[in-house]
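Visitor: Quick one: structure below, then a few questions.
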Amino acid sequence: MIKFVRTGKYRTRSIAIKRFSNGIEHIGDGFPLTESLLNAFSVHPEISNSTIDSMNDTDYTQRVEQFKTYLLEKYGFLSPEDFSNTASGEDFTTCVPGTVTQGNGAETVQ
């Protein structure tokens, strides 16, 4: 799930691990798996949405990279190349700084 923060930047909150065979996604046997960047992992404590929103870019990037390392250790079938999406970035068109919208039953802070 990607939530936008009030700065025109977006930050992902969770990682979905999907299973594909011959380019087709296979659902079942527990897939897709979802792991939250907000949950405690390794030596990192659980954090709130407001904490992740207020993190500076360096701290956020560091948490994401350490989370990926944790997931690589937890799921032996993953490789670094499996993380294909960018966890953060800028979108000043969709994510107008200072605005808040609601969507799909979950708050999206833009």
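Visitor: Once you place label points 7 Å from the Cα toward the Cβ at Ile24 and Val43, how far apart are they in nm?
Guide: Each label point is offset 7 Å from its Cα along the Cβ direction, giving 4.6 nm.
Visitor: Amide H to amide H under 5 Å from Ile17: which residues, 5+ apart in sequence or cross-chain, H placed 1.01 Å off N in plane?
Guide: So Ile17 has HN proximity to Leu33, Thr34, Glu35.
No lab work stands behind these numbers, since they all come straight from the coordinates. As the structure is a computational prediction, the values presented were derived from the model and not from experiment. Using ideal geometry, Cβ is built from the backbone for each residue, glycine included, and neighbour counts are taken over all protein chains shown.
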